[in-house]
1. What pairs in K76/K208; K81/K150; K81/K165; K251/K297; K79/K143 have C-alpha atoms more than 23 Å from each other?
2. Give the shape of the range 78-185 as rounded, prolate or oblate, defined through the alpha-carbon gyration tensor: a ≥ b ≥ c are the square roots of its eigenvalues, a/c under 1.5 means rounded, and otherwise the shape is prolate if a/b is larger than b/c and oblate if not.
3. Just to be sure I understand the model, the point goes 7 Å from the Cα along the line to the Cβ. What's the resulting F109 to I310 distance in nm?
4. PRE reach from T154 (point 7 Å along Cα→Cβ): which of the range 171-194 fall under 15 Å by backbone N?
5. Kindly identify the range 138-296 as rounded, prolate or oblate by the Cα gyration tensor criterion: order the square roots of the eigenvalues as a ≥ b ≥ c, call it rounded if a/c is under 1.5, otherwise compare a/b with b/c, prolate if a/b is larger, else oblate.
6. Run the numbers on the range 38-152 and let me know its relative contact order in percent, using alpha-carbon pairs under 8 Å that are six or more apart.
7. How large, in percent, is the carbon and sulfur part of the accessible surface of the range 171-229 at a probe radius of 1.4 Å?
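The values are calculated or read from the model by the stated rules, or taken from the named source; none is laboratory data. Nothing here was measured: the structure is a model prediction, and the numbers come from that model. Every residue, glycine among them, receives a Cβ derived from its backbone with ideal geometry; neighbour counts consider all protein chains shown. Each accessible area value is taken on the protein alone, full model and side chains, heavy atoms only, with ligands, DNA and RNA left out. Shrake-Rupley method; radii C 1.70, N 1.55, O 1.52, S 1.80 Å.
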Amino acid sequence: MSEVLSQNEIDSLLSALSSGEIEAENVTPAEEEKKVKLYDFNNPNKFSKEHLRTLELIYENYSRIISTYLSAQIRKSVKIKIETMQQFTYEEFIRNIPNPTVLTIFRLFPLEGNLLFETNPDYVYQVLDILLGGTGDKKFKSKELTDIEKNIITRMNEGLIANMKLAWEDVLEVESEVVGVETNPALNQTLAPNESVALITFSVDLGKNHTFINLCIPFLSVEKILDKLDVQYWFRGRDEADKLESKTKIKERLNTVNVELTGVLGDSSINVQDFLSLKTGDVLTLNKKSTEPVKVKIMDKTYFYGKPGIIGKSRGIQVLDIIDKDVEENE
């Protein structure tokens, strides 16, 4: 209820208006008109802007990961980035994707229900052409995929989906599992038509072609982890235990990297004629004794001194000392 003015207050206000101390335009109503916001109950917006922003951050990282993965798989440079990030109903998503297409249905545990990964036909035909020996630059006519082509693209999509684990790891530990593949989106009845979904569209630049990939995430899948999609929760300061865990993860990943290691037994100089006449069984005299330590190189750079020998049935090198690079350079 608005405040009721006394008679003295009313007289003072009228006196101030007549003397010009205040202007009538500056007197505002005690209660402003309330603003009305339209809301469609048939198409409710269940994802908040905060949730969509966090999903966008996750899948921006994912786009970089699969750019590298796809480039390695098809031996061509691929650039993938997020084109749009919007909220739709499942019916709108199905109605706006082409038919036929390759619609991969998968689970992302511990998320609930099924997610959808749609690869545009132009993208599919181009990737198949490259994998089967073509250049991928020609124009492709829409056709039904053969069983062999469907198996190839399914295997490729399984790899792309598996890489979501890396994109989600800062938020949640996830594991992927492909449930099935459809080429006719109209036959897929995974969700109710009016169910809210987050639709992430990726653009794929491969050669001269510009194609698209769509990822459909139902609200039901992320409903139980919405608190983890809060950016403040995601980037909250980590304690020492979290930092130690991060270092452990980095170390584990580095341990899986293959590094070329070479032991240099010594050097020998011969003329071109002797080099051209070399054959199996010939002996070369090196500039080092067999008892001297050898230099051990990693990626063409010397890091250790070692002693060559036999480990079981294999040849090996025992590391004797670490070369101090700073001292060596000063010398």
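1. Over 23 Å Cα-Cα: K81/K150; K79/K143.
2. Numbers: a/c = 1.72, a/b = 1.44, b/c = 1.19.
Since a/c reaches 1.5 and a/b is larger than b/c, the shape of the range 78-185 is classed as prolate.
3. In this crude label model, F109 to I310 measures out at 4.8 nm.
4. Once the point is set 7 Å along Cα→Cβ of T154, 177-184 turn out to lie under 15 Å by backbone N, inside the range 171-194.
5. Numbers: a/c = 3.99, a/b = 1.76, b/c = 2.27.
Oblate is the answer for the range 138-296, as a/c is 1.5 or above yet b/c matches or exceeds a/b.
6. 16
7. That share works out to 51 percent.
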